[in-house]
1. What number, rounded to the nearest 500 deg cm²/dmol, is the helix-based mean residue ellipticity at 222 nm of the chain, given -39500 (n - 2.57) per DSSP H run of at least four residues and division by all its residues?
2. Please list the equivalent ellipsoid semi-axes of the range 225-316, computed as the square roots of five times the alpha-carbon gyration tensor eigenvalues, in descending order and whole angstrom.
3. What is the distance in Å between the Cα centroid of the range 88-127 and that of the range 1-66?
4. Specify, per residue and in Å³, the volume enclosed by the convex hull of the alpha carbon atoms belonging to the range 94-235.
5. Return a whole-number percent for the relative contact order of the chain, with Cα pairs under 8 Å and 6 or more residues apart as the contact set.
6. If you average the sequence gap of Cα pairs under 8 Å that are 6 or more apart and divide by the length of the range 239-283, what percent do you get for the contact order?
7. Over the residues of the chain, compute the C-alpha Rg and express it relative to 2.2 N^0.38 Å.
8. If packing is taken as the average number of other Cβ atoms within 10 Å across a peptide's residues, how do 277-286, 179-188 rank, most packed first?
């Protein structure tokens with residue numbers, strides 16, 4: 001097994017450009033090897049950076065990459081829902097800038113033994129934290145009921161062929177359990193008619209996405225992070241979130257809009273009576289996407305959507 005951690009961070013210049021000019025404290029919620037963190041510290045060399053990742057290998061790689069800034073960094077292995085425990089050891093800091101890159105790392109996809117990729121033969125795993133998580137993708141496909149599998153593929157993959165795929169999974173597992181990524185990828189490909197397969201999109205993409213989200217409880221973790229962010233930002237702070245599929249982007253977009261306009265009063269009332277106050281403003285009316293050059297250099301970046309919210313000094 002190779003030990004180096006290879007990952008190209010997306011939208012790095014854009015992430016730096018949106019940071020407050022006087023940034024002194026940074027929280028990187030998805031270290032992923034330390035790419036964004038390193039770039040931020042190079043541009044804000046006096047800042048204190050806190051960083052977490054669910055993947056122990058990512059944290060280890062980030063620590064090595066940020067060694068030059070060792071005295072001003074505090075890194076740890078944690079999920080979004082474990083942030084309170086992480087901060088309990090850090091003195092409950094508040095931040096000028098919070099960043100989360102919600103996608104998989106290139107390294108996770110490249111390691112066949114992690115089971116994230118339908119292009120590489122490996123065990124059906126998909127756990128971001130294999131040391132502490134028990135449920136694997138193999139467990140889900142081999143033990144979930146028909147209705148549970150349908151819910152996973154429809155809710156987390158928006159897969160239009162969910163019923164056919166689930167039917168094939170149930171038929172297959174009656175004889176033998178599904179064990180590998182290639183087995184599942186080939187099964188899905190055999191179900192979706194070739195004429196209906198989207199050009200440039202592997203037929204198994206949405207199924208793998210759905211299972212990965214379910215295994216890692218990704219959407220619930222994102223909701224937990226969003227609930228914590230207001231209490232973690234300074235009064236002129238900003239949060240930048242990068243998503244890679246519509247489910248995540250939709251959650252982020254709606255939450256940012258709610259922070260900007262939280263009023264729940266009927267529209268026919270002449271003035272607000274609910275008492276909800278705006279927290280700030282959305283800085284990205286549309287998501288910021290990678291440039292053509294970045295996509296050419298790093299094809300993975302074509303799916304990245306960056307949204308940024310700024311807290312106003314007068315509202316917190």
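Readers should treat all values here as calculations from the given coordinates under stated rules, not as data from a laboratory. Since we're looking at a predicted model, the values are computed, not measured. Neighbour counts are summed over all protein chains in view; Cβ atoms, including those assigned to glycine, are modelled from backbone coordinates with ideal geometry.
1. Values: 13 runs with 126 residues, N = 316.
The per-residue figure over the chain is -11500 deg cm²/dmol.
2. On the way: eigenvalues 181, 45, 23 Å².
They are 30, 15, 11 Å, listed from largest to smallest.
3. 13 Å
4. On the way: hull volume 19.2 nm³, N = 142.
That works out to 135 Å³ per residue.
5. Values: 513 pairs, mean separation 53.8, N = 316.
Over the chain, the number comes to 17 percent.
6. Details: 30 pairs, mean separation 15.8, N = 45.
RCO, the range 239-283: 35 percent.
7. Numbers: Rg = 20.8 Å, N = 316, 2.2 N^0.38 = 19.6 Å.
The value comes to 1.06.
8. Details: 277-286: 14.8, 179-188: 19.4.
Listed from highest to lowest mean packing, they are 179-188, 277-286.
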